[in-house]
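Read the structure below first, then the notes.
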Amino acid sequence: MKRALLFIQYLIMAIAVNATGQVGDIIYIDGTRWELLGRPICVDSLLYHDLKAVLPPERYNSTANWDGFTAYWSIKQNVLYLDSIRSEHYDSDIKDHIGNRMPSATLLRVFKKHVTGDRIVGSWLTEDIRVAKGKVIYYEHMGFERNYEDEQIISIDKGKVIGKKVYHNYVIDGFSFDKVENNSELRRLFPIHIEQYPELANAKRIVFYIKKARVNSQGNLVECEVKVLKPNDNHRLATEMEGLLKAYYPWKVSFINGEFRANGIAGWTFPYLIEK
């Protein structure tokens, strides 16, 4: 029963966290510092509960760090270690935030089931972790939905590294909808033949939704599915817009973790004002 309640509590927390961008933990691999885009401690709801019980109640948290702590990790000889946990509190005397490292004895007590020798092994963890460094090339203000120039996907099985994929991500510049300044430019780029749709005689605007999109390395939109949300589900109009979108070149393309992505196209909804 306790584990079920803790799981529900963690689930609610995870939903809240995903509503905004989150800072990651820190991990050192071969002496190089990376950002760990996730919260491995939170995978085990009981561990997370026990850790929160010993964290300083006055610690500083924010919408970017709901937990109010940062965990520091390292990988050595293909083993994932939890090295330390830090939090911050506000010092009214100096009017600034001061970092606090959790005492080693407290940390070892909380993670006592996972201590080997004098070190904490992430043996509760069996899943992939994503680590990153360099410039951010894609960002969504939600959880860890962002990508960096350099990333690794590291497969962990009970705290041991069993696989790793290394990626160098980049962006090929081109058109994206966030570059459109006004409706006149939108109509110029994608000139719909409004006169062919008498059913739109009294309409003031059309709302298009791009359900899915696929691009290639040259910036061509090779696959696209459009839906008309307003004034109605007009399949003929959607097909025309699909053709116009595919004919445009080049689109902004992101190469992320081994695949080309149409970021800023798929899932995009945009109004198209009809000029009378």
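The values are calculated or read from the model by the stated rules, or taken from the named source; none is laboratory data. Note that the structure is predicted; figures quoted are calculated from it, not measured. For neighbour counting, all protein chains shown are included, and Cβ atoms are generated from backbone atoms with ideal geometry for every residue, glycine included.
Quick rundown of the values:
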| read-out | value |
| --- | --- |
| Cβ-Cβ under 8 Å pairs, at least 6 apart or on other chains, the range 230-241 side assigned to a strand (DSSP E or B), far side surrounded by 16 or more Cβ atoms within 10 Å (Cβ to Cβ) and modelled with pLDDT of 95 or more | Lys230/Ile206 |
| Identity of the residue in the range 200-220, of a type outside the set (Ser, Thr, Tyr), farther than 12 Å from Ile274 by Cβ and not in a loop (DSSP other than H, G, I, E, B), that ends up farthest from the chain's Cα centre (by Cα) | Phe208 |
| Any hit, the range 157-170, residues being over 26 Å from Lys76 (Cβ atoms) and either of a type in the set (A, V, I, L, M) or exposed (fewer than 15 other Cβ atoms within 10 Å of the Cβ) (or both) | yes |
| Spans of strands (runs of 3 or more DSSP E) in the range 105-180 with at least 1 residues under 30 Å from Val54 (Cβ atoms) | 119-121, 126-139, 146-157, 160-168 |
| Conditions (1) exposed (fewer than 13 other Cβ atoms within 10 Å of the Cβ); (2) in contact with a Leu (Cβ under 9 Å, 6 or more places away or on another chain); (3) at pLDDT 85 or above; number of the one not met by Asp44 | (1) |
| Search result, residues across the range 95-117 that are surrounded by 14 or more Cβ atoms within 10 Å (Cβ to Cβ) and modelled with pLDDT of 95 or more | Leu107, Leu108, Val110, Phe111, His114, Val115 |
| Residues located in the range 128-158, provided they are closer than 19 Å to Val43 by Cα and either modelled with pLDDT of 95 or more or not assigned by TED's automatic domain parsing to the domain that holds Thr63 (or both) | Asp128, Ile129, Arg130, Val131, Ile153, Ile154, Ser155, Ile156, Asp157, Lys158 |
| Selected residue (only one of Glu195, Glu275 is assigned to a loop (DSSP other than H, G, I, E, B), at pLDDT below 95 and loosely packed, with under 12 Cβ neighbours inside 10 Å) | Glu275 |
| Residues (under 21 Å from Asn147 (Cβ atoms) and surrounded by fewer than 16 Cβ atoms within 10 Å (Cβ to Cβ)) located in the range 29-41 | Thr32, Arg33 |
| Those residues of the range 216-237 which are of a type in the set (Gly, Ala, Ser) and under 17 Å from Leu189 (Cβ atoms), in sequence order | Gly219 |
